[in-house]
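Worksheet: the structure to be examined is printed underneath.
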Amino acid sequence: MKTNQEHLAAQLAAMDARYDSEQRLLWSRTYGIGYHTRLPADTDVHPIRESLAYAVTLLGHNDPAGQQRGRDILDRVLTLQVTDPTEATFGIWSWFMEEPVEKMGPPDWNWADFCGLSLAEILAFHASTLDDELAGRVRVALGNAGWAIFRRNVQPGYTNIAVMGGGVCVAAGQLLNEPRLLAYGQQRLQRCVEHLRWTGGFNEYNSPTYAMVVLHDVERLLVFLRDEAARQSLTALLQGVWEMIAQSYHAPTGQWAGPHSRTYHDFLNPGTRADLLARVAAGISSDAGAQLASPALPCPAHLAAGITAPLPEPREIRRRFIRQADDTRSTTGVTWQSTHASLGSVNFDNLWVQRRPVLGYLRTARENEPALLRLRFLRDGKDFASAGVRNEQRGPRVLSGITLLTDKGDYHTHLDAPADGIFRTADLRVSYQLHGPEVRLVEHDATRLRASVGDAVVTLALGPAMFDGQPVTWAVRQDEDGVKAEAVFYQGDVRALDFRLLGPCYAVAGAVIGEAAVKPIGIITSGDGGEIAATWEGLAIKFPARPHRYDGWLR
């Protein structure tokens with residue numbers, strides 16, 4: 001295992017190779033994220049946040065040449081902040097030097113939080129490496145970021161930004177002797193704790209990506225924040241993250257069991273897994289944490305053992321993720337785990353690319369390479385945010401109803417919604433996928449797909465489906481990745497679709513892990529065809545048959 005210094009040297013070498021001395025920023029290429037930036041994929045760019053993080057690392061490294069490069073980067077980054085207080089984007093940066101804030105689609109206000117935290121770290125740890133003029137400019141930029149965060153006033157439901165922004169404001173108040181920002185940051189962090197306790201979890205529910213972001217940010221802030229009120233709030237939030245991890249990490253597959261509200265990958269990144277398990281090992285044995293990179297903090301000891309321990313028997317965890325005043329409208333989830341598999345679902349959500357509202361993992365003979373079970377809705381081959389799903393799950397069995405939504409976006413859940421409400425598409429389909437090593441199609445017919453994963457069995461019950469009032473037939477096939485069942489709503493020439501004008505559009509499907517024999521799904525429609533009631537193996541769901549607003553689920 002590499003030491004901390006070896007890790008640091010490797011990271012610096014990788015970033016050194018991407019440094020553009022002319023622009024005094026790192027160089028990279030865009031990867032077509034699909035929102036905020038309007039730049040196409042594979043465009044040469046200079047990322048601002050990443051360059052600033054590189055500067056923080058250089059300034060903390062005992063190398064005069066590296067520290068000078070860090071100062072050069074910092075000087076360049078400071079010129080790219082919006083500094084006109086009359087602008088709505090005051091205090092933020094763009095993603096890339098090549099695309100100023102006013103050309104983004106839309107700007108990302110989170111860059112005040114991300115970049116502000118790096119500036120706070122520079123003032124807290126590396127101010128002695130800066131001359132007075134540069135240090136003064138950093139102080140001004142941190143103040144700008146703090147006031148941008150204050151003005152935006154993100155609520156605690158936006159977990160990672162609420163926490164990070166609160167911490168930046170406390171840091172700015174502490175470092176700049178600005179009591180108003182200090183008080184605001186304290187209050188904001190306390191609201192995050194109160195929200196966590198009231199809801200029982202984070203709104204970015206069970207998110208591997210953002211749970212680790214919150215974990216890292218809290219650790220960074222605890223290193224240099226001295227305000228006791230802020231530290232108490234951050235410690236409580238750290239406990240909440242670890243409780244989520246303890247409920248979700250599935251040791252037999254090495255995965256973070258679903259459902260996920262925000263994730264960028266189907267499988268847990270190996271680096272993230274190693275990062276997490278190192279903290280867990282540190283919580284079990286203090287000696288085991290010797291390789292942790294500062295300022296990583298160990299998992300609370302009372303939770304650590306349960307995260308990696310074998311499951312003595314299957315368990316089912318029911319959680320409330322987003323609480324509403326009327327609790328019947330709250331977002332809730334089920335996570336089932338056994339010695340060989342996990343299956344998770346949320347009661348309702350949309351199906352944009354970062355959501356995993358139905359997600360399962362099955363152990364295979366390859367360590368940390370499980371098979372994946374995932375329900376998706378695709379528009380022209382990409383995950384589609386204007387499709388939604390309602391689920392009911394009990395144990396290893398879940399029933400799902402999929403429909404179209406009239407108030408969501410395309411690739412992003414809301415940032416790229418068409419102004420006229422019309423989507424132009426050549427292909428719309430529900431896709432239930434089982435991919436990975438050892439996946440084999442065993443049998444299928446018009447109402448069922450049965451596949452094996454090693455010694456395990458996964459069965460999909462394929463229920464009725466319609467598009468604009470016309471029946472849709474499920475198609476089943478095996479490819480090199482695994483097997484899938486798809487209900488093709490539309491395929492053909494590009495067609496302009498106004499979902500608000502369509503008739504019934506829905507598909508119903510069920511999945512079960514570990515059982516082969518299943519009954520067909522039962523369907524009852526209301527007299528006017530406006531609502532579907534589906535039943536299957538003791539599960540029942542109701543949902544609107546026609547495209548509807550997202551809050552149409554909430555009834």
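The values are calculated or read from the model by the stated rules, or taken from the named source; none is laboratory data. No experiment lies behind these values; they were computed from the predicted model shown. Cβ placement follows ideal geometry from the backbone for every residue including glycine, while neighbour counts extend to all protein chains displayed. We work out accessible area using only protein heavy atoms, side chains counted, and drop any ligands, DNA or RNA first. Shrake-Rupley method; radii C 1.70, N 1.55, O 1.52, S 1.80 Å.
Tabulated results
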item	result
Mean Cβ neighbour count within 10 Å, used as a protection proxy, ranking 126-138, 40-52 highest first	40-52, 126-138
Fully extended contour minus Cα-Cα distance, from Gln239 to Ala309, at 0.36 nm per residue	23.3 nm
For the stretch 384-414 and the stretch 203-227, distance of Cα centres in Å	28 Å
Pairs from Lys408/Lys519; Lys103/Lys408; Lys382/Lys542 whose Cα-Cα separation, in the structure shown, is over 25 Å	Lys408/Lys519; Lys382/Lys542
Three principal axis lengths of the stretch 168-236 [C-alpha, angstrom, descending]	37, 22, 15
MRE, 222 nm, helices only [DSSP H, n ≥ 4, -39500 (n - 2.57), over the chain, to nearest 500]	-10500 deg cm²/dmol
Accessible surface of the stretch 306-430, 1.4 Å probe, proportion on carbon and sulfur as whole %	45 percent
Percent RCO, i.e. relative contact order, over the chain, from Cα pairs under 8 Å lying at least 6 residues apart	8 percent
Mean Cα-pair separation over length for the stretch 58-209, i.e. relative contact order, pairs under 8 Å, 6 or more apart, %	18 percent
Net length gained if the chain between Ala41 and Ala533 were fully extended (0.36 nm per residue, minus Cα distance)	172.8 nm
Protection-proxy order for peptides 195-202, 477-484, 502-509, each taking the mean of Cβ atoms within 10 Å per residue, highest first	502-509, 195-202, 477-484
Largest-first principal axis extents of the Cα set of the stretch 347-438 (Å)	50, 26, 21
Relative contact order computed over the stretch 267-397 (Cα-Cα under 8 Å; 6+ residues apart), in percent	16 percent
Sorted largest first, extent of the stretch 396-472 alpha carbons per principal axis (Å)	50, 29, 25
Apportionment of accessible area to carbon and sulfur, the stretch 199-251, percent (1.4 Å)	50 percent
The chain: translational diffusion in µm²/s, Stokes-Einstein, Kirkwood Rh over Cα pairs, 25 °C, 0.890 mPa s	98 µm²/s
Where only C-alpha atoms are counted, convex hull volume of the stretch 452-499 per residue in Å³	111 Å³
Nitroxide proxy distance, nm - points 7 Å out along Cα→Cβ at Ala13 and Asp275	2.1 nm
Accessible area in square angstrom per residue, the chain, 1.4 angstrom probe	42 Å²
Under the span-like rule (Cα at least 24 Å along the axis, Kyte-Doolittle mean at least 1.6), DSSP H helices of the chain	none
Accessible area of the stretch 17-65 belonging to carbon and sulfur atoms, whole % at 1.4 Å probe	47 percent
